[in-house]
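Peer 1: This is the structure I want to talk about, given as structure tokens.
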Amino acid sequence: MASTRDIRRRIKSVKNTRQITKAMELVAASKMKKAQQAALAGRPYTQLMASMLATLAHRVEESQHPFLVERPVRTRGILLVTTDKGLCGPLNANLFKLVTDIKSPAKFYVVGRKGAQFISRTKRDMVADFQVTDRVAFNEVKVAAEFMVKHFLEGIIDTIEVIYPRFKNTLVQEPTLRPVLPLANLQEFVGHAQAEAGHAKTADTREMLFEPNAQEVLEALLPFYVNRHLYQLVLSAKASEHSARMVAMKTAKDNATKLLGDLTLEYNKARQAAITQEILEIAAASFAA
Amino acid sequence: MPLTLEIVTPEAKVYSDTIDSVVIPTLEGEVGILPGHIPLLTKVEDGELRVTKGNQTLHLAVGGGFAEIDGDKVSVLAERAITEEQIDEKAVEEALKRAEQAMRDAKHLDPNEFEHLQNMVRFAGVQLAVKRRRR
């Protein structure tokens, strides 16, 4: 059995760990609340935009805008959204599994330090990495989005896809690969988004009026939509990050508490054993005398 | 048959109610929407949006976005939107001054930043106009 002093030392260190993880849990919890609110607040906006786009899309020719044209895919463009810091459970590792599954040629654009490290470590083709702050501003994501769109238009990449941890709820974050461009099957996508929101749109079959004209509205709406959509995905990733971190820290704290209980028990046992031993020795000595 | 109006910004659903009519500032001037309007999709400019319900009129400042009229449903997708009573005149004036100052000071502002400031200035102007319209 370990000596009481060793056990005491371990108890002390476990207590420290518990304190730190507890503090981190609280921090993550408050950040999580904000991030979740931001992610949820933005949803109606993105959905409404998607439904407008759908109304527009089946009234114009697909070839009218490069975003709508599906072309042979030589190089995929993938935006990988990860965290800057670790200690958030299997969140990043799950994303990296998705990345490893991609066998076709692809260029990577990364948000978050962890992702950048992974891509360069595995020697994949990383074009750029972007930093975003904890409270993501639209402008930060816009830079990344416009950069990718530029490459898309120049033909450096033929798709824009996003790998991110989709925020489902506090306990569940799904690593997801979401295609963003080209928007070839827009109808399908909008149907999907609406099913998720729980309401279907009744189609108005009358002739639609566009001001100033369909082409111009389309040209304004599409880039706007791509930026907003990417922003929403990053927000979702942030909510996932803080949720995952909070859950991971809570587990760590609970484990520390349990370990502390076990160690305290062991310590008391060792102490009691030492006392009993001493009494025995004294008793034996007095008998011998 | 009354219209349903929904005004959504990235931050929140600003307004959602059944209304009688609405006037939307668009790229080609103000558009008044009454029940039975033809389906329409248009670009929304920075400006004043007027909602009429019964004998009450509500004024909102909206900035940049799109509006869709589909059946009896009017959806406005705006970058920014604020109702009249929420506009804080002093705060807006100060923000306007700060933004204008920033635009004057920085000669080599990066274009994104500049655009952002310009939008702010324009929207601040709209907010003031909405707030002061009775004077």
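The values are calculated or read from the model by the stated rules, or taken from the named source; none is laboratory data. All values derive from a computational prediction rather than experimental measurement. Neighbour counts are summed over all protein chains in view; Cβ atoms, including those assigned to glycine, are modelled from backbone coordinates with ideal geometry.
Peer 1: Quick check on my filter: what residues within the stretch B:1-25 are under 22 Å from A:ARG228 (Cα atoms) and among the β-branched types (Val, Ile, Thr)?
Peer 2: Of everything in the stretch B:1-25, those that are under 22 Å from A:ARG228 (Cα atoms) and among the β-branched types (Val, Ile, Thr) turn out to be B:ILE7, B:VAL8, B:THR9, B:VAL14.
Peer 1: Okay, moving on. For the stretch B:73-105, enumerate the residues that are touching a strand residue (DSSP E or B) at 6+ places or on another chain (Cβ under 9 Å) and within 26 Å of A:PHE224 (Cα to Cα).
Peer 2: Scanning the stretch B:73-105 gives B:LYS73, B:VAL74, B:SER75, B:VAL76, B:LEU77, B:ALA78, B:GLU79, B:ARG80, B:ALA81, B:ILE82, B:THR83.
Peer 1: Give the residues of the stretch A:129-166 that are among the acidic types (Asp, Glu) and farther than 12 Å from A:TYR231 by Cβ, sorted by residue number.
Peer 2: A:ASP129, A:ASP134, A:GLU154, A:ASP158, A:GLU161
Peer 1: Looking only at the stretch A:125-152, how many residues end up being free of Cβ contacts under 8 Å to residues at least 24 places away in the same chain and either within 14 Å of chain B (Cβ to nearest Cβ) or of a type outside the set (S, T, N, Q) (or both)?
Peer 2: 10
Peer 1: Would you point out the residue of the stretch B:5-24, among those that are under 15 Å from the mean Cα position of the chain (by Cα), closer than 24 Å to A:GLY42 by Cβ and free of Cβ contacts under 8 Å to residues at least 40 places away in the same chain, that is surrounded by the fewest Cβ atoms within 10 Å (Cβ to Cβ)?
Peer 2: Top of the filtered list is B:SER16.
Peer 1: Residues of the stretch A:56-84 being among the hydroxyl-bearing types (Ser, Thr, Tyr) and either modelled with pLDDT of 85 or more or touching a helix residue (DSSP H, G or I) at 6+ places or on another chain (Cβ under 9 Å) (or both), which ones?
Peer 2: A:THR75, A:THR82, A:THR83
Peer 1: Residue under question is B:GLN118, and the condition is that it be part of a helix (DSSP H, G or I), surrounded by fewer than 20 Cβ atoms within 10 Å (Cβ to Cβ) and touching a residue at least 12 places away in the same chain (Cβ under 8 Å); does it hold?
Peer 2: Here the answer is yes, as B:GLN118 does meet what is asked.
Peer 1: Sticking with this structure for a sec: State the number of residues belonging to the stretch B:46-57 that are assigned to a strand (DSSP E or B) and free of Cβ contacts under 8 Å to residues at least 40 places away in the same chain.
Peer 2: 5
Peer 1: Here is a further query. Filter the stretch B:1-22 down to the residues that are over 11 Å from B:GLU79 (Cβ atoms) and among the acidic types (Asp, Glu) and list them by number.
Peer 2: B:GLU6, B:ASP17, B:ASP20
Peer 1: Going by the conditions given, is A:VAL111 touching a residue at least 24 places away in the same chain (Cβ under 8 Å), closer than 27 Å to A:LYS250 by Cα, surrounded by 14 or more Cβ atoms within 10 Å (Cβ to Cβ) and touching a Phe, Trp or Tyr at 6+ places or on another chain (Cβ under 7 Å)?
Peer 2: yes
Peer 1: Which residues, counting only those in the stretch B:69-105, are more than 14 Å from chain A (Cβ to nearest Cβ), surrounded by 13 or more Cβ atoms within 10 Å (Cβ to Cβ) and either assigned to a strand (DSSP E or B) or basic (Lys, Arg) (or both)?
Peer 2: Result: B:ILE82, B:THR83, B:ARG98.
Peer 1: Please work out which one of (1) at pLDDT below 85; (2) within 12 Å of the chain's Cα centre (by Cα) is the condition A:GLY191 fails and give its number.
Peer 2: (2)
Peer 1: Specify which of the listed residues (B:HIS108, B:HIS59) is away from chain A (no Cβ under 13 Å), surrounded by 13 or more Cβ atoms within 10 Å (Cβ to Cβ) and over 23 Å from A:TYR231 (Cβ atoms).
Peer 2: Testing whether each residue is away from chain A (no Cβ under 13 Å), surrounded by 13 or more Cβ atoms within 10 Å (Cβ to Cβ) and over 23 Å from A:TYR231 (Cβ atoms) leaves just B:HIS59.
Peer 1: Continuing with the same structure: Would you check if A:ALA50 is under 31 Å from the mean Cα position of the chain (by Cα), surrounded by 14 or more Cβ atoms within 10 Å (Cβ to Cβ) and either at pLDDT below 85 or of a type in the set (Ser, Thr, Tyr) (or both)?
Peer 2: Here the answer is yes, as A:ALA50 does meet what is asked.
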